[in-house]
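Nothing in this text is a laboratory measurement; each read-out follows from the coordinates by a stated rule. These numbers come from a predicted model, not from an experiment. In this analysis, Cβ positions are derived from the backbone assuming ideal geometry, glycine residues included, and neighbour counts consider all displayed protein chains.
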């Protein structure tokens, strides 16, 4: 069967061409904040009417893979995550750019993305039935535990006060709760009488406002600083330095495994995977204090994990017909248009289609890597554009991108609010990353909290239930406490060493 | 003192939310406590954290000044204000006119501030910049309206565009 599929797909020039085209479109949409993968897939939907199923799969998988990876370009070069999934990439990617290592950072990030994508595609072949069962075994309490753990882990990875990180997380969760309440849809929460707030704030507005625009506008205070690219060789194809990559082998594998497993859980997504993996890389690192200063480990952890999510996310989409995020939801609709019924029988009865998906994913990852590695020499030139041209141009484009989400100027007004909030927080050493993670996960946290209450009656019963969810919640509570105690012990030890 | 005010502002907003959440309707068959249960739980955690932070600040000897209005200072402040004006005028003026004015002002202002001689680079340079800015705005407008089929505000050019 596999041979037949390989023969029919790899000898079809249109299949290969569409996978490459899809990867290119995805990278472009992923790199520009405000535009994203679901928009790109939705745009090509009318074209897929005239394509057969194989060609549709090649095009869509190309966009999906390219879209997630493309976010690293603006994240590394401008500290402006093209997609929310690339937020963690900014933490070490941009400092590397500031050190003059933009090309190396891009090469490392691109390779990590490629590795994560290929790894998850292989897992997709080997473990789809097992992963589907794993995803099905998660009830609301387990989901709540996983999301709760992700929130507390992110606070521990932030530099500075843990308390400030937790306050930021709570603000993010509360901002996500604005609008109509989930499940019942009866309460208009903190809408202040504005109907525009019924649907709440959009994630991309919060990310652009709190994180990206704040940094961009702040950069205008450093107009005379010139950024250069130190280790910039004009090559056709950028491989990362293999010695440096070899040191990252365990980080690559661990992050890819984490990304694939997080991807399997519907709704958790690439943003969490990137952050979670970054936190883990920092935890396992021998030099955690260097994270955030521009080291390879941070970029590898974030990019390998967020691209590994793509393969994982296809597991529930194809085998259970449960899309985990907007991208997979649009993919599901594109496949439905083609007359393909996703579900448990797809893997069993239509193994050829399932294998075609995997070939398309592998091919899309290869093209994503080739396109990005070949374009590094041109793309890194962005940072040499003077800030007086770059900042207004990017701000204008992103603002229009933000406007297009709901087609209303209200979103631009809320963008101003988030710029001010992000600026005040950043100026006073309140980490903004936990706010974004709190906002990203807030809606799901509430949904699973209320489902847990509905299932168990009250939280007490859930807490004493012998389930995986209880373990995750316990780790989520204990981990920051242990982390704080360890940090204090370390600080004491250092102080003693300095005194002696 | 500044941070204490900041924490009190958050607490006040949280207090308002908590009070409002007590009035949310709970469906007859809803066993979860309605739409207010989750925000209330998070708000309680937030209040505890704010109190802990407050104690931490009061116990600390060195007090760093809290910056409330950093976004209004320097070149960044002017750029932020011009962006605010752009946002406020996008509906009445329309995207093309508003974006052109915003880009013209911000590019020239930042250029002026970036150069040591504090000059705009001569008439020719200003004209070339203006033409490029208008071309860029029209390109963005074309991409979003024609390619992505988004209705950007037409404003005063309603009958032309």
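Taking only the alpha carbons of chain B, we obtain Rg and Dmax values of 24.7, 73 Å in that order. Between region A:33-58 and region A:481-500, the C-alpha centres lie 54 angstrom from each other. The packing ranking, built from the mean of other Cβ atoms within 10 Å per residue, places the peptides B:103-109, A:296-302, A:130-136, A:253-259 in the order A:296-302, A:253-259, B:103-109, A:130-136, highest first. Take each residue of peptide B:68-77, count the partner chain Cβ atoms within 10 Å of its Cβ, and average: the result is 6. The mean number of partner chain beta-carbon atoms within 10 angstrom of a residue's beta-carbon across peptide B:41-52 is 4. For peptide A:176-185, the mean count of partner chain Cβ atoms within 10 Å of a residue's Cβ comes to 4. Answer rounded, prolate or oblate for region B:2-59, using the Cα gyration tensor with square roots of eigenvalues a ≥ b ≥ c: rounded when a/c is under 1.5, else prolate when a/b is larger than b/c, else oblate. The shape class here is prolate. With the cut-off at 1.5 for a/c, could you classify region B:20-101 from its C-alpha gyration tensor as rounded, prolate or oblate? In terms of gyration-tensor shape, oblate. If R0 equals 35 Å, the separation of the Cβ atoms of residue A:284 and residue A:455 corresponds to a calculated FRET efficiency of about 0.50. Given region B:72-157, report the % of alpha carbon pairs whose separation exceeds 23 Å. When all Cα pairs of region B:72-157 are counted, 30 percent exceed 23 Å.
When Rg and the Kirkwood Rh are both derived from Cα coordinates, the Rg/Rh ratio for region A:2-499 amounts to 0.96. The label-point distance for residue A:471 and residue A:126, in a model that sets each label 7 Å from Cα toward Cβ, rounds to 2.1 nm.
Report note on the peptides A:437-444, A:303-310, B:120-127, A:371-378: ranked by the mean count of other C-beta atoms within 10 Å, highest first, their order is A:303-310, A:437-444, A:371-378, B:120-127. Cα gyration tensor of region A:379-500, axes a ≥ b ≥ c as square roots of the eigenvalues: rounded (a/c below 1.5), prolate (a/b > b/c) or oblate? Cα axes put region A:379-500 in the oblate bin. Region A:282-330 and region B:74-101 have Cα centres lying 36 Å from one another.
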